[in-house]
2 protein chains.
Amino acid sequence: MGLQFAPRAEAAIIGRMPKIQSPPGMRDFYPDDMRQQNWLFDAWRDVSRSFGFVEYEGPIFEYLDLYKLKSGDGIVSELFHFQDRGEREFAIRPEMTPTLARMIAARANALPRPIKWFSIPRMCRAEKPQKGRLREFFQWNADILGLDEMIADAEVIAVVVAFLRRIGLSPSEAVVKVSSRPLAARLLESIGIAPERQGGAFDLIDRMTKTPAAEFDKKWNDEFGGSAPAARLRSVFRQSSLADAEAALGGIDGPAREAFADLWNFLKAFDVADFCRFDPGVVRGIAYYTGTVFEVHAADRSHRALAGGGRYDNLTGLLDGPNVPGVGFGMGDAPIQSLLADLGRTPKLDEALDAFLIDADARFFPQLMAVANRLRANGLRADFSYKRQALGKQFKQASSRAARVAVIIGEEFEQRGELIVKNLATGQQQAVAIEELATELSRL
Amino acid sequence: MGLQFAPRAEAAIIGRMPKIQSPPGMRDFYPDDMRQQNWLFDAWRDVSRSFGFVEYEGPIFEYLDLYKLKSGDGIVSELFHFQDRGEREFAIRPEMTPTLARMIAARANALPRPIKWFSIPRMCRAEKPQKGRLREFFQWNADILGLDEMIADAEVIAVVVAFLRRIGLSPSEAVVKVSSRPLAARLLESIGIAPERQGGAFDLIDRMTKTPAAEFDKKWNDEFGGSAPAARLRSVFRQSSLADAEAALGGIDGPAREAFADLWNFLKAFDVADFCRFDPGVVRGIAYYTGTVFEVHAADRSHRALAGGGRYDNLTGLLDGPNVPGVGFGMGDAPIQSLLADLGRTPKLDEALDAFLIDADARFFPQLMAVANRLRANGLRADFSYKRQALGKQFKQASSRAARVAVIIGEEFEQRGELIVKNLATGQQQAVAIEELATELSRL
């Protein structure tokens with residue numbers, strides 16, 4: 001309410017302008033939408049905390065250089081950026097990792113270990129406005145920092161699976177596709193792609209599922225067919241278990257294989273292996289990841305990736321900070337909500353009042369207010385009609401506000417300090433002494 | 001985690017650049033700060049909901065025109081604004097009211113009544129970077145829309161007071177200064193300032209407390225001294241009760257006086273009058289407000305206003321929307337946190353684990369994991385050491401993580417399925433069967 005509205009005379013002139021719309025690609029959260037959003041955020045928070053993660057946040061914009069440093073100058077066109085009057089250049093954050101790196105670099109040695117941090121940042125990307133392309137979204141991030149042991153890799157995957165379970169998804173509906181960069185490199189090597197050519201190979205593989213098979217095979221064979229034809233690649237990189245891939249390969253071994261087996265054992269120990277599948281096709285096309293990589297998808301691949309993450313070996317290196325290894329992931333709000341909607345699994349949420357107060361007669365209104373004050377001071381959600389009106393109309397409002405009970409203040413209150421509490425679901429009613437009302441409502 | 005880190009070779013070059021700092025005037029929320037922030041937001045949410053308000057949100061930026069429409073072109077220099085590739089002009093929101101107006105205008109007739117909405121938007125203003133001037137902040141907003149009855153004015157003030165009480169402030173520490181534009185106009189009229197000159201008079205009065213007395217008096221007398229000398233103005237506009245002002249005036253009457261008496265009676269009915277003081281010097285310098293106006297201040301005036309609000313008679317008029325009267329307020333996060341800090345009342349918050357799990361020997365680690373999985377699946381906050389190490393070191397970690405209890409998995413578990421639960425505050429310990437652990441911890 002801080003800034004000035006234009007004077008009314010001016011308003012009369014401007015009033016003829018067309019209405020101003022919501023900006024393209026941005027969402028309004030009316031109360032019904034907000035309940036869904038809060039439900040999702042609560043699930044993210046609860047699951048994070050149950051695993052011992054603590055929450056952090058950063059600013060909505062950072063110096064533009066922070067993003068250029070991480071992603072090169074090409075990133076600028078994907079950002080909303082601007083200058084202040086001092087000609088400093090800023091950009092609204094398109095992801096949380098650079099902020100995380102900056103915050104960790106600034107206090108790396110002072111932070112208590114282990115660093116298990118989560119956040120639910122709002123972020124923007126300058127997408128072309130078109131249906132289904134959001135310019136603003138929220139993204140759950142969780143990271144374990146300063147630890148290079150495989151149990152941490154498994155634990156961040158376990159957090160993701162705990163969330164999938166919590167919102168009611170089963171392994172037949174959502175799957176975590178897990179691989180590791182070193183193991184994938186080992187697989188490439190085993191079919192004859194030498195290390196110096198693997199970067200280009202990973203870039204292609206990363207697009208394998210998004211490219212028509214014939215087109216992919218042609219591209220692959222043009223570049224790598226001399227070493228390994230596309231059919232051979234597919235026989236190894238389209239497996240859903242490491243055992244299958246091994247069978248196709250006649251056995252692989254070495255440290256990458258052993259490390260991956262460790263990861264898999266920890267996934268079993270965390271009781272989340274039922275949601276996980278080995279998929280060497282997951283490479284995350286990102287120079288940044290150095291070990292475990294994973295993506296979460298709807299099992300029928302009907303949606304964009306629900307989440308993605310992995311291990312990186314030096315978060316703060318770009319910022320001249322100390323060496324900080326870590327493992328983490330990001331999960332956007334929109335794909336999850338869209339999947340739940342498609343599955344008919346969007347939760348039914350209302351914002352029920354604990355009590356709607358009704359006066360049997362207008363003369364009891366001061367007493368009604370006193371009851372309302374008492375309930376509200378006890379943290380109960382209580383409301384009442386602003387208008388003094390007939391009982392029936394007040395009951396109608398109680399229903400439309402989804403109140404759990406109606407509390408009627410009438411002659412019993414005047415005579416004995418008693419209220420009538422009516423359960424609006426069952427219709428049952430009982431007399432309750434004013435002193436016991438808050439306790440009784442909390443019990444219901 | 002979505003975008004690409006620059007390849008490592010490049011990083012080695014860039015690594016020599018100076019570290020990138022947090023942007024000026026923006027805050028990082030490390031976990032300790034975030035707990036304070038969440039504590040404040042939870043209080044805002046709980047209080048809003050106890051009064052039957054429901055939450056909404058809007059986009060972080062809007063069309064720049066929305067703000068120009070409300071506040072004139074002069075607002076642009078106070079905003080962070082930018083264009084997208086389609087040359088649309090946007091600005092990061094500096095306040096929530098224009099977004100609220102847009103959202104209400106779009107669905108005014110479809111929204112269930114009463115419209116009691118709250119929000120905790122993040123917003124930015126292009127302040128000059130200097131100590132204590134934040135460019136980014138959060139602001140609790142609550143509004144009752146579509147209702148022009150005085151009970152709504154009193155209720156939004158009651159919400160503010162409920163929050164002040166909830167965070168432990170007393171009337172000797174924080175005060176709600178209440179006035180009404182029509183009543184203040186009546187007072188000005190009574191000392192001889194005619195309606196057509198009152199706009200200028202209000203602008204001056206709005207700056208009265210921020211201006212040295214002699215300077216104010218000179219300005220006032222230059223313009224209005226002919227009708228009413230500054231001393232006369234002060235005798236009326238520096239009163240802390242309506243009765244005092246009346247005494248100085250020899251009585252005022254009329255509809256403005258009656259409406260204000262109604263407001264005061266409702267404030268008493270909401271049991272919040274002890275925090276409220278009549279202060280005709282509160283004019284909110286804003287063409288936008290048409291009725292009740294109020295500001296919340298530290299009682300010793302040591303801080304900027306903690307909150308401000310009032311009644312406006314047509315929220316959506318500027319947007320060509322239907323006539324929607326309303327009353328509401330905004331309260332920033334920073335002044336409240338600063339006041340609590342000055343009072344030594346910043347809450348002590350930790351992020352306690354419900355249980356820290358300890359294995360009596362490394363061979364019990366698989367069982368420890370099973371217990372951790374079970375507790376976490378029950379929504380309990382459980383963690384354990386990543387390293388297999390001596391009992392003493394594990395207990396030390398349990399303390400440093402502020403765990404309520406340590407749960408020791410040892411031979412009793414192997415033999416009888418029992419765990420040792422040790423209360424880390426009292427030192428007491430007991431054996432608990434695995435089946436009862438989650439229930440027992442929830443009870444603690």
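So which of A:Pro335, A:Pro366 is outside the structural domain of A:Ala398 (by TED's automatic domain parsing) and either under 19 Å from the mean Cα position of the chain (by Cα) or not in a loop (DSSP other than H, G, I, E, B) (or both)? Let's see the steps before the verdict.
Details: A:Pro366 fails: outside the structural domain of A:Ala398 (by TED's automatic domain parsing).
The unique qualifying residue is A:Pro335.
Please give the number of the condition A:His81 fails out of (1) modelled with pLDDT under 95; (2) farther than 19 Å from B:Met34 by Cα.
So A:His81 meets the others, but not (1).
Among the candidates A:Leu357, A:Leu380, A:Leu375, single out the residue that is within 13 Å of another protein chain (Cβ to nearest Cβ), crowded, with 16+ Cβ neighbours inside 10 Å and either touching a Lys or Arg at 6+ places or on another chain (Cβ under 6 Å) or in a strand (DSSP E or B) (or both). Break it down into steps so the answer makes sense when it comes.
Working: A:Leu380 fails: either touching a Lys or Arg at 6+ places or on another chain (Cβ under 6 Å) or in a strand (DSSP E or B) (or both); A:Leu375 fails: either touching a Lys or Arg at 6+ places or on another chain (Cβ under 6 Å) or in a strand (DSSP E or B) (or both).
That would be A:Leu357, the only listed residue that is within 13 Å of another protein chain (Cβ to nearest Cβ), crowded, with 16+ Cβ neighbours inside 10 Å and either touching a Lys or Arg at 6+ places or on another chain (Cβ under 6 Å) or in a strand (DSSP E or B) (or both).
Only one of (1) buried (at least 16 other Cβ atoms within 10 Å of the Cβ); (2) within 19 Å of A:Ser50 (Cα to Cα); (3) within 13 Å of another protein chain (Cβ to nearest Cβ) fails for B:Val421. Which number is that?
(3)
For the stretch B:48-55, check the following and say yes or no: at least one residue is polar (S, T, N, Q) and in contact with a Lys or Arg (Cβ under 7 Å, 6 or more places away or on another chain). Spell out how you get there, then give the answer.
First, pick out the residues of the stretch B:48-55 that are polar (S, T, N, Q): B:48, B:50.
This time we only want the ones that are in contact with a Lys or Arg (Cβ under 7 Å, 6 or more places away or on another chain), so: B:50.
There is at least one residue in the stretch B:48-55 that is polar (S, T, N, Q) and in contact with a Lys or Arg (Cβ under 7 Å, 6 or more places away or on another chain).
What is the residue count in the stretch B:118-166 for residues that are at the interface with chain A (Cβ under 9 Å from one of its Cβ atoms) and modelled with pLDDT under 95?
4
Residue by residue through the stretch A:361-392, note down the ones that are over 24 Å from B:Val156 (Cα atoms) and without any contact (Cβ under 8 Å) to a residue 40 or more places away in the chain.
We begin by selecting, within the stretch A:361-392, every residue over 24 Å from B:Val156 (Cα atoms); these are A:361, A:390-392.
Residues satisfying the conditions are A:Ala390, A:Leu391, A:Gly392.
Filter the stretch B:42-78 down to residues that are β-branched (Val, Ile, Thr) and assigned to a helix (DSSP H, G or I) and give me whichever is farthest from B:Val156 (Cα to Cα).
Looking only at the stretch B:42-78, we keep the residues that are β-branched (Val, Ile, Thr), and these are B:47, B:54, B:60, B:75-76.
With assigned to a helix (DSSP H, G or I) added as a condition, the list becomes B:47, B:75-76.
Details: B:Val47: 11, B:Ile75: 28, B:Val76: 30 Å.
Per the stated criteria, the residue is B:Val76.
Name the residue that is modelled with the lowest pLDDT, counting only residues in the stretch A:40-68 that are over 14 Å from the mean Cα position of the chain (by Cα) and of a type in the set (Ser, Thr, Tyr).
Looking at residues that are over 14 Å from the mean Cα position of the chain (by Cα) and of a type in the set (Ser, Thr, Tyr), I get A:Tyr67.
What's the total number of residues in the stretch A:312-326 that are farther than 22 Å from A:Gly200 by Cβ and in contact (Cβ under 8 Å) with a residue 60 or more places away in the chain? Even if it seems obvious, please write down each step before you answer.
At the first step, the residues of the stretch A:312-326 found to be farther than 22 Å from A:Gly200 by Cβ are A:314-326.
Right, trim to in contact (Cβ under 8 Å) with a residue 60 or more places away in the chain and you get A:315-316, A:318-322, A:324-326.
Of the residues in the stretch A:312-326, 10 are farther than 22 Å from A:Gly200 by Cβ and in contact (Cβ under 8 Å) with a residue 60 or more places away in the chain.
In the stretch B:170-180, is there at least one residue being within 30 Å of A:Lys387 (Cβ to Cβ), out of contact with any helix residue (DSSP H, G or I) (no Cβ under 7 Å at 6 or more places or on another chain), in the same structural domain as B:Val282 (by TED's automatic domain parsing) and basic (Lys, Arg)?
There is at least one residue in the stretch B:170-180 that is within 30 Å of A:Lys387 (Cβ to Cβ), out of contact with any helix residue (DSSP H, G or I) (no Cβ under 7 Å at 6 or more places or on another chain), in the same structural domain as B:Val282 (by TED's automatic domain parsing) and basic (Lys, Arg).
What's the number of the condition A:Gln394 fails, among (1) under 20 Å from A:Ala377 (Cβ atoms); (2) modelled with pLDDT of 95 or more?
(1)
Restricting to the stretch B:124-158, give me the number of residues that are closer than 24 Å to B:Met103 by Cα and among the polar types (S, T, N, Q).
Result for the stretch B:124-158: 2.
Take A:Leu339 and decide whether it is more than 13 Å from chain B (Cβ to nearest Cβ), closer than 30 Å to A:Arg27 by Cα and in contact (Cβ under 8 Å) with a residue 24 or more places away in the chain.
Details: more than 13 Å from chain B (Cβ to nearest Cβ): yes; closer than 30 Å to A:Arg27 by Cα: yes; in contact (Cβ under 8 Å) with a residue 24 or more places away in the chain: yes.
Here the answer is yes, as A:Leu339 does meet what is asked.
Would it be correct to say that B:Thr292 is more than 8 Å from chain A (Cβ to nearest Cβ), polar (S, T, N, Q) and surrounded by fewer than 16 Cβ atoms within 10 Å (Cβ to Cβ)?
Numbers: more than 8 Å from chain A (Cβ to nearest Cβ): yes; polar (S, T, N, Q): yes; surrounded by fewer than 16 Cβ atoms within 10 Å (Cβ to Cβ): no.
Criteria not met by B:Thr292.
Table: residues versus (1) surrounded by 20 or more Cβ atoms within 10 Å (Cβ to Cβ); (2) over 21 Å from B:Ile92 (Cα atoms); (3) aliphatic (A, V, I, L, M).
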| position | (1), (2), (3) |
| --- | --- |
| A:Trp44 | yes, yes, no |
| A:Gln83 | no, no, no |
| A:Phe90 | yes, no, no |
| A:Ala106 | no, yes, yes |
| A:Lys116 | yes, yes, no |
| A:Met123 | yes, no, yes |
| A:Leu134 | no, no, yes |
| A:Trp140 | yes, yes, no |
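Might you check whether a residue that is farther than 22 Å from B:Arg107 by Cβ, modelled with pLDDT of 95 or more and more than 9 Å from chain B (Cβ to nearest Cβ) occurs anywhere in the stretch A:27-39?
Start the filter on the stretch A:27-39 by keeping residues that are farther than 22 Å from B:Arg107 by Cβ, which leaves none.
Within the stretch A:27-39, none of the residues are farther than 22 Å from B:Arg107 by Cβ, modelled with pLDDT of 95 or more and more than 9 Å from chain B (Cβ to nearest Cβ).
Of all residues in the stretch B:79-98, which are more than 8 Å from every other protein chain (Cβ to nearest Cβ) and outside any loop (DSSP other than H, G, I, E, B)?
B:Gln83, B:Glu89, B:Ala91, B:Pro98, listed by residue number.
Pairs, please: C-beta under 9 Å, at least 6 apart or cross-chain, first residue farther than 15 Å from B:Phe82 by Cα and more than 7 Å from chain A (Cβ to nearest Cβ) and in the stretch B:45-70, second among the charged types (D, E, K, R) and surrounded by 23 or more Cβ atoms within 10 Å (Cβ to Cβ)?
B:Val47/A:Arg376; B:Ser48/B:Lys116; B:Phe53/B:Lys116; B:Phe53/B:Asp143
Within the group B:Ser170, B:Ser180, B:Ser190, which residue is without any contact (Cβ under 8 Å) to a residue 40 or more places away in the chain and either buried (at least 20 other Cβ atoms within 10 Å of the Cβ) or among the small types (Gly, Ala, Ser) (or both)?
On the way: B:Ser180 fails: without any contact (Cβ under 8 Å) to a residue 40 or more places away in the chain; B:Ser190 fails: without any contact (Cβ under 8 Å) to a residue 40 or more places away in the chain.
Matching residue, one of B:Ser170, B:Ser180, B:Ser190: B:Ser170.
Just give me the residues in the stretch A:307-354 being within 28 Å of B:Phe53 (Cα to Cα), in contact with a Lys or Arg (Cβ under 6 Å, 6 or more places away or on another chain) and surrounded by 21 or more Cβ atoms within 10 Å (Cβ to Cβ), in sequence order.
A:Leu353, A:Asp354 - these are the residues of the stretch A:307-354 that are within 28 Å of B:Phe53 (Cα to Cα), in contact with a Lys or Arg (Cβ under 6 Å, 6 or more places away or on another chain) and surrounded by 21 or more Cβ atoms within 10 Å (Cβ to Cβ).
Name every residue in the stretch A:405-444 that is on the phi > 0 side of the Ramachandran plot and either in contact (Cβ under 8 Å) with a residue 12 or more places away in the chain or of a type in the set (Ser, Thr, Tyr) (or both), in order of residue number. Step through it out loud before you land on a result.
If we filter the stretch A:405-444 for residues that are on the phi > 0 side of the Ramachandran plot, which is where we start, we get A:417, A:427.
Selection gives A:Gly417 alone.
The values are calculated or read from the model by the stated rules, or taken from the named source; none is laboratory data. None of these values were measured; they are calculated from a predicted model. In this analysis, Cβ positions are derived from the backbone assuming ideal geometry, glycine residues included, and neighbour counts consider all displayed protein chains.
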